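Asks: Here it is: the structure, laid out below.
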Amino acid sequence: MAARCNFWLPKKKRFCSNVLLRDSQFCGNHTQRSDGQWVPCPIHPSHSVLEENLQSHLKRCPFFKQAQSLSIQPFYQEGINAGKEEEEEGGQNFSSEMKRNAVHGMTLFEFSKLINKIKSIHASICSDIGDSFKIPQACDIWTNRQVDRGLPFQEKHVMQQASILGNLEEFGVLKSCGDDAVSGPVKLEVSGDDDDVPAVVEFGAGRGYLTQVLADCYRIKKILLVERKSYKLKADRSLRQKESVTLERLRIDIEDLKLNAVESLQGVPYLAIGKHLCGPATDMTLRCCISKQCNQHNDAPSDSTCRLIGLAIATCCHHLCQWKHYINKPYMLDLGITKDDFNAMTWLTSWAVDADHGSDLCGTGSFYLQIREHEHVESDPNTYDVKNMVKNMKAVDRAVVGLMCKDIIDVGRFMWLKEHELECELVKYVPSNISPENRLLVARQKS
């Protein structure tokens, strides 16, 4: 009988049953974790290969042809939306483990100082984030489940999608068509002829069901879905059945998308949307959309480029944010938040989902009293340190700190939009019991 892998699977509570590699105690799946001889594929980091096999793998990697065909597209420009890199560290990305180790390596006084800084900044700049749960009448066919039964329906997702569109309507980007708004769809508010219908670009589109709701409830004719991954069960099939809709899907990372070079958007005003754009994808989307930023890299005349008329982005996964990608580093520095503080804050945001979100979180005072009590215990780090303090914190206290960090990061993005002369709002677009990731950036061009 062939020898079996010695890697322990904690969730299954047994050893792996795969056959061993030659001269190894582990199978191919777990050699990476045991001896570190595996490296990410440079073509597509979704998979790893043995370092000794890397050169031969590059010739037959299934993503090789895709990368080749993408590189010759006019809308591809590597790193155009990535942001400026740090000179001293080459624009290094910090993993969650690195961020966690940095926080646990703080003294109690340093950790206390950071938490109190977060509390103070949040109180001074985040007081205007209001509730804005808006379900427009145009979305009744979805909220009342009057759509095709073949389309997937999950109430919490439909509520989020409908509220994103409701906030766009409330903000004046979408406009009701008079008396028809009760019984028919609404349209995008834009000047020009009836034929000049603006496009909708969904960033981080996934399967595309936010756009599906928008297309079912609103009068749109041109759709562009931007997503770097391949998905099954997409909304594309249903969208293409609509006679009046032109659909295009770009499989590309937002970091590399030169939106002004997309041929189908030339001279077309467009609305940008995104539901749960993870971490730095929000910052890259903002760079991609704001024309002043795009035109720095675009030699085409301004009248031949696309024009942003409105934007709605539901932010998400702030623990993935990176300093080098963040859109408004000067604002953070003005607040007294350094690069190290920012990295720590992004790790603390993962605490935001720790508690029960059945109601708005409150009662933060006890946590800060605990911090003050332990400020002077740092003389004996073996008895009590940051790691032990975090373990002993209540889940609700951790969640409050995490939400504060999320808000500060999003307010920086909000201020960046204001600096670029857009009218904008940052709101809670659904109650936290529907989703704790409930912040929405809404913006439009000034009249």
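Asks: What's the total number of residues in the range 128-155 that are within 23 Å of Gly206 (Cβ to Cβ), acidic (Asp, Glu) and in contact (Cβ under 8 Å) with a residue 60 or more places away in the chain?
Replies: Residues in the range 128-155 being within 23 Å of Gly206 (Cβ to Cβ), acidic (Asp, Glu) and in contact (Cβ under 8 Å) with a residue 60 or more places away in the chain: 1 in total.
Asks: Considering only residues that are open to solvent by less than 40 Å² (accessible area, probe 1.4 Å) and among the charged types (D, E, K, R), which ones fall in the range 408-447?
Replies: If the condition is that a residue be open to solvent by less than 40 Å² (accessible area, probe 1.4 Å) and among the charged types (D, E, K, R), then Asp410, Arg413, Glu437, Arg439 are the ones that fit.
Asks: Return the residues of the range 100-127 that are under 30 Å from Val427 (Cβ atoms) and either surrounded by 16 or more Cβ atoms within 10 Å (Cβ to Cβ) or touching a residue at least 40 places away in the same chain (Cβ under 8 Å) (or both); say none if nothing qualifies.
Replies: Passing the criteria: Val103, Leu114, Ile115, Asn116, Lys117, Ile118, Lys119, Ile121, His122, Ile125, Cys126.
Okay, residues lined up against (1) crowded, with 20+ Cβ neighbours inside 10 Å; (2) assigned to a strand (DSSP E or B); (3) out of contact with any strand residue (DSSP E or B) (no Cβ under 9 Å at 6 or more places or on another chain):
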| site | (1), (2), (3) |
| --- | --- |
| Ile223 | yes, yes, no |
| Ser230 | no, no, yes |
| Ser238 | no, no, yes |
| Ser244 | no, no, no |
| Glu248 | no, yes, no |
| Ile252 | no, no, no |
| Glu255 | yes, no, yes |
| Asn260 | yes, no, yes |
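Asks: Here's a follow-up. Among the listed residues Ala123, Ala102, Ala138, which satisfies the condition of being more than 30 Å from Val442 (Cβ to Cβ), more than 23 Å from the chain's Cα centre (by Cα) and of a type outside the set (Asp, Glu)?
Replies: None of the others qualify; the one that does is Ala102.
Asks: So Ile72 fits all but one of (1) β-branched (Val, Ile, Thr); (2) open to solvent by less than 70 Å² (accessible area, probe 1.4 Å); (3) without any contact (Cβ under 8 Å) to a residue 40 or more places away in the chain; what number is the exception?
Replies: Condition not satisfied by Ile72: (2).
Asks: Quick check: is even one residue across the range 190-211 more than 26 Å from Arg287 (Cβ to Cβ), crowded, with 22+ Cβ neighbours inside 10 Å and either modelled with pLDDT of 80 or more or more than 20 Å from the chain's Cα centre (by Cα) (or both)?
Replies: no
Asks: Inside the range 262-291, can you point out the residues that are at pLDDT 90 or above and part of a loop (DSSP other than H, G, I, E, B)?
Replies: Val262, Gly279
Asks: Determine if the range 387-406 includes at least one residue that is in a helix (DSSP H, G or I), modelled with pLDDT of 95 or more, in contact with a Ser or Thr (Cβ under 6 Å, 6 or more places away or on another chain) and among the hydrophobic types (A, V, I, L, M, F, W, C).
Replies: Yes, some residue in the range 387-406 is in a helix (DSSP H, G or I), modelled with pLDDT of 95 or more, in contact with a Ser or Thr (Cβ under 6 Å, 6 or more places away or on another chain) and among the hydrophobic types (A, V, I, L, M, F, W, C).
Asks: Continuing with this model, one more query. Determine whether Thr346 is buried (at least 20 other Cβ atoms within 10 Å of the Cβ), among the hydroxyl-bearing types (Ser, Thr, Tyr), modelled with pLDDT of 85 or more and closer than 21 Å to Ser124 by Cβ.
Replies: So Thr346 fits the description; yes.
Each row is one residue, and each column tells you yes or no for (1) closer than 30 Å to Met404 by Cβ; (2) at pLDDT below 85.
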residue	(1), (2)
Gly36	no, yes
Val39	no, yes
Val49	no, yes
Ser69	no, no
Gly79	no, no
Glu89	yes, yes
Gly105	yes, no
Phe111	yes, no
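Asks: Also, I was wondering about something else. Residue pairs, Cβ under 9 Å, 6 or more apart or interchain, first in the range 245-271 and farther than 21 Å from Ala281 by Cβ, second open to solvent by 20 Å² or more (accessible area, probe 1.4 Å) and in a helix (DSSP H, G or I). List them.
Replies: Partner pairs satisfying both residue conditions: Thr246/Ser264; Leu247/Arg240; Gln266/Ser304; Gly267/Asp303; Gly267/Ser304.
Asks: Which pairs have Cβ atoms under 7 Å, sit 6 or more apart or on different chains, and link a residue in the range 202-229 that is on the phi > 0 side of the Ramachandran plot to one that is among the aromatic types (Phe, Trp, Tyr) and at pLDDT below 90?
Replies: Matching pairs, first to second residue: Gly206/Tyr231.
Asks: Also, I was wondering about something else. Pull out all pairs, ordered by first then second residue, where Cβ-Cβ is under 7 Å, the residues are six or more apart or on different chains, the first lies in the range 156-176 and is more than 10 Å from Pro136 (Cα to Cα), and the second is of a type in the set (Lys, Arg) and open to solvent by less than 50 Å² (accessible area, probe 1.4 Å).
Replies: Close Cβ pairs satisfying both conditions: Gln160/Lys275; Gln161/Lys275.
Asks: Out of the residues in the range 146-171 that are of a type in the set (D, E, K, R) and modelled with pLDDT under 85, state the one that is least open to solvent (accessible area, probe 1.4 Å).
Replies: Here is the first cut: in the range 146-171, the ones of a type in the set (D, E, K, R) are 148-149, 155-156, 169-170.
From what is left, the residues that are modelled with pLDDT under 85 are 148-149.
On the way: Asp148: 99, Arg149: 175 Å².
Checking each candidate, the answer is Asp148.
Asks: To continue, here is another question. Regarding Asn93, is this residue closer than 25 Å to Trp347 by Cβ, of a type in the set (S, T, N, Q), modelled with pLDDT of 70 or more and buried (at least 16 other Cβ atoms within 10 Å of the Cβ)?
Replies: No, not satisfied.
The values are calculated or read from the model by the stated rules, or taken from the named source; none is laboratory data. Please read all numbers here as calculations on a predicted model, not as lab measurements. Glycine also receives a Cβ, built like all others from the backbone with ideal geometry; neighbour counts cover every protein chain displayed. We work out accessible area using only protein heavy atoms, side chains counted, and drop any ligands, DNA or RNA first. Shrake-Rupley method; radii C 1.70, N 1.55, O 1.52, S 1.80 Å.
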